[in-house]
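Asker: Take this structure, written in structure tokens, and hold onto it; I'll ask about it next.
The values are calculated or read from the model by the stated rules, or taken from the named source; none is laboratory data. This is a predicted model, so every value here is computed, not measured. Every residue, glycine as well, gets a Cβ built from its backbone with ideal geometry; the counts of neighbours run over all protein chains shown.
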Amino acid sequence: MKIIKKNINTTAPFVTKDKSIIRSILDKSNSPVKNESLAEATLKPGGHTLEHRHNSTEEIYYFIQGTGLMFLKGSKIKVKAGDAVLIPPGTNHALINNGKTTMKLLCACAPAYSHKDTITTESPYKLVVFDFDGTLADTVGGILATANIMAKGFKTKGYTKEKIALTIGTGLDSFLQGLFPKQYARLGARTMINIYRKIYDKKFKVALKVYPKVAQTLKFLKSKNIKMIIVSNKLKRYVVDIIKRLKLDTYFDEIMGSAEQKKMKPHPWALDYFMKKYKVKRSETLMVGDSQYDVETGKRAKVKTIFLRHGYADMKIVKNLNPDFYFDKIDELKEIV
């Protein structure tokens, strides 16, 4: 039999799904081991792992440094250097370092540790902020109909769906100034906005539809006790009406429209406001949207950003902004929360 020897100091650390820092000693990635694995885990003072379980793996924790609390089967036990804890397969568990020094422990797994066998039951995110138009619902039909009625009244050329989609998200003032610059300069912002809203009040329901998997995804996030907020640069009353029509109104903790924002997206004011209100860290917050304005909002707020490809965006600008995640469908959110 070939002798296998590995030294922990030659192993690069990585972060597991439960948010602990791991250095593998022996596992399938670095040796021909078949039935088990051994690794060192560390937690900084004040750190904690997410509650999780391994459906197929029996695990042993052996503490070699520090003190902490371990949550196991709904019970809380104190742990310190020299203690060993058996964790049967399928058992939810989590660990908190409540001491003043870094906690270190050895983790023995049989069969060997696997990301696929690790199921987190607690989300690393506490707050998810959604854009609305193009993110949760396709609302461009009503906006397009309104813009083209205005164009006809002004005796100017009409607009395509693609053109309208790329201009959504800047706020109504900027939207109208971009589409009708001469009329905007002549009539002023207030008159132009009044004309738009008088038409939009009758047309906002045109071709409304919710994107696939939105309701299922929101239900999943709610089951994780995640706060969900809509921040939109359109009036709140339109958002409230539309989500009721699309049967999404039971999922959200708050809705903020253009009138409630002291500074509209892409300014990070709204995200900063809700993080402070709900006492949520930036690392625990996600911004989900379909446009460059949403990505910029998240970046300026220094939170993780998710860009949905199915919405309204200038892809060149989005790529330059470098969102943290690109999703084709919103239900991919389940994979990271």
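Asker: So which residues in the stretch 255-265 are free of Cβ contacts under 8 Å to residues at least 60 places away in the same chain and crowded, with 17+ Cβ neighbours inside 10 Å, if there are any at all? Walk me through how you get there before you give the answer.
Answerer: Residues of the stretch 255-265 that are free of Cβ contacts under 8 Å to residues at least 60 places away in the same chain, as a first pass: 255-257, 259-263.
Listed by number, the residues that qualify are Ile255, Met256, Gly257, Gln261.
Asker: Then there is this: Consider Gly82 against the criteria (1) on the phi > 0 side of the Ramachandran plot; (2) modelled with pLDDT under 95: it satisfies all of them except one. Which criterion is unmet?
Answerer: The failed condition is (2).
Asker: Being surrounded by 19 or more Cβ atoms within 10 Å (Cβ to Cβ) and closer than 19 Å to Ile306 by Cβ, is that true of even one residue in the stretch 177-192? Step through it out loud before you land on a result.
Answerer: Looking only at the stretch 177-192, we keep the residues that are surrounded by 19 or more Cβ atoms within 10 Å (Cβ to Cβ), and these are 179-180, 183, 192.
Filter again for closer than 19 Å to Ile306 by Cβ, leaving none.
No, the stretch 177-192 has no match at all.
Asker: Restricting attention to the stretch 150-179, report how many residues are assigned to a helix (DSSP H, G or I) and within 13 Å of Met192 (Cα to Cα).
Answerer: Of the residues in the stretch 150-179, the ones assigned to a helix (DSSP H, G or I) are 150-153, 161-167, 172-179.
Cutting the leftovers down to within 13 Å of Met192 (Cα to Cα) gives us 150-151, 153, 172-179.
Adding up the residues that qualify gives 11.
Asker: Among the listed residues Arg237, Arg245, identify the single one that is of a type in the set (D, E, K, R), out of contact with any Gly (no Cβ under 9 Å at 6 or more places or on another chain) and farther than 16 Å from Gly311 by Cβ. If you could, list the steps in order and put the result at the bottom.
Answerer: Details: Arg237 fails: out of contact with any Gly (no Cβ under 9 Å at 6 or more places or on another chain).
Exactly one residue qualifies, and that residue is Arg245.
Asker: Quick one: Cys107 ticks every box in (1) crowded, with 20+ Cβ neighbours inside 10 Å; (2) within 21 Å of Ser283 (Cβ to Cβ) bar one, so which box is it?
Answerer: (2)
Asker: Another question, if that's okay. Within the stretch 24-59, take every residue that is over 12 Å from Tyr113 (Cβ atoms) and among the basic types (Lys, Arg) and give me the one that is nearest to the chain's Cα centre (by Cα).
Answerer: Arg53
Asker: Kindly check whether there is at least one residue in the stretch 126-144 that is among the polar types (S, T, N, Q) and touching a residue at least 40 places away in the same chain (Cβ under 8 Å).
Answerer: Among the residues of the stretch 126-144, at least one is among the polar types (S, T, N, Q) and touching a residue at least 40 places away in the same chain (Cβ under 8 Å), which makes the answer yes.
Asker: Let me ask another. Of all residues in the stretch 65-80, which are of a type outside the set (S, T, N, Q) and out of contact with any Asp or Glu (no Cβ under 8 Å at 6 or more places or on another chain)? Can you show your working first?
Answerer: Within the stretch 65-80, the first condition is being of a type outside the set (S, T, N, Q), and the residues that meet it are 66, 68-74, 76-80.
Selection gives Gly66, Gly68, Leu69, Met70, Leu72, Lys73, Gly74, Lys76, Ile77, Lys78, Val79, Lys80.
Asker: Looking at the stretch 243-322, what strands (runs of 3 or more DSSP E) fall wholly within it and have at least 1 residues that are within 30 Å of Thr160 (Cα to Cα), under 13 Å from the mean Cα position of the chain (by Cα) and in the same structural domain as Met228 (by TED's automatic domain parsing)?
Answerer: Numbers: elements: 254-256, 285-289, 304-308.
In the stretch 243-322, the matching strands (runs of 3 or more DSSP E) lie at 285-289, 304-308.
Asker: A further question follows. Do the conditions hold for Val206, that is, is it touching a helix residue (DSSP H, G or I) at 6+ places or on another chain (Cβ under 7 Å), within 30 Å of Lys222 (Cα to Cα) and assigned to a loop (DSSP other than H, G, I, E, B)?
Answerer: Numbers: touching a helix residue (DSSP H, G or I) at 6+ places or on another chain (Cβ under 7 Å): yes; within 30 Å of Lys222 (Cα to Cα): yes; assigned to a loop (DSSP other than H, G, I, E, B): yes.
Yes: the conditions hold for Val206.
Asker: Next question, about the same structure. Listed residues Gly141, Gly99, Gly68, Gly46; which is at pLDDT 95 or above and not in a strand (DSSP E or B)?
Answerer: Working: Gly99 fails: at pLDDT 95 or above; Gly68 fails: not in a strand (DSSP E or B); Gly46 fails: at pLDDT 95 or above.
Of the residues listed, the single one that is at pLDDT 95 or above and not in a strand (DSSP E or B) is Gly141.
Asker: Output the residue which, of all residues in the stretch 4-39 that are in a loop (DSSP other than H, G, I, E, B) and touching a Cys at 6+ places or on another chain (Cβ under 9 Å), is surrounded by the most Cβ atoms within 10 Å (Cβ to Cβ).
Answerer: Of the stretch 4-39, the ones in a loop (DSSP other than H, G, I, E, B) are 4-7, 11-13, 16-20, 27-36.
Still in the running and touching a Cys at 6+ places or on another chain (Cβ under 9 Å): 20, 27, 36.
Values: Ser20: 24, Asp27: 19, Glu36: 17.
The residue in question is Ser20.
Asker: State yes or no: is Ala189 among the aliphatic types (A, V, I, L, M) and in contact with an Asp or Glu (Cβ under 7 Å, 6 or more places away or on another chain)? Explain how you work it out, then say what you get.
Answerer: Numbers: among the aliphatic types (A, V, I, L, M): yes; in contact with an Asp or Glu (Cβ under 7 Å, 6 or more places away or on another chain): yes.
When the stated conditions are applied, Ala189 passes them.
Asker: Is the stretch 266-281 home to any residue that is surrounded by fewer than 19 Cβ atoms within 10 Å (Cβ to Cβ), closer than 17 Å to Asp324 by Cβ and at pLDDT below 95?
Answerer: Taking every residue of the stretch 266-281 in turn, at least one turns out to be surrounded by fewer than 19 Cβ atoms within 10 Å (Cβ to Cβ), closer than 17 Å to Asp324 by Cβ and at pLDDT below 95.
Asker: Considering only residues that are under 25 Å from His267 (Cβ atoms), among the aromatic types (Phe, Trp, Tyr) and free of Cβ contacts under 8 Å to residues at least 24 places away in the same chain, which ones fall in the stretch 145-181?
Answerer: Phe175
Asker: Quick one: Lys104 ticks every box in (1) at pLDDT 95 or above; (2) part of a loop (DSSP other than H, G, I, E, B); (3) among the charged types (D, E, K, R) except a single one, so which number is it?
Answerer: Looking at each condition in turn, Lys104 falls short on (2).
Asker: Please give the number of the condition Glu162 fails out of (1) in the same structural domain as Asn233 (by TED's automatic domain parsing); (2) modelled with pLDDT under 95.
Answerer: (1)
Asker: Out of the stretch 112-138, which residues are more than 30 Å from Ala39 (Cβ to Cβ) and not in a strand (DSSP E or B)? Lay out the reasoning, then the answer.
Answerer: Step one: list which residues in the stretch 112-138 are more than 30 Å from Ala39 (Cβ to Cβ), which gives 127-138.
Result: Asp131, Phe132, Gly134, Thr135, Leu136.
Asker: Take the residues in the stretch 206-239 that are out of contact with any strand residue (DSSP E or B) (no Cβ under 6 Å at 6 or more places or on another chain) and exposed (fewer than 15 other Cβ atoms within 10 Å of the Cβ), then tell me which one is nearest to Phe132 (Cα to Cα).
Answerer: Arg237
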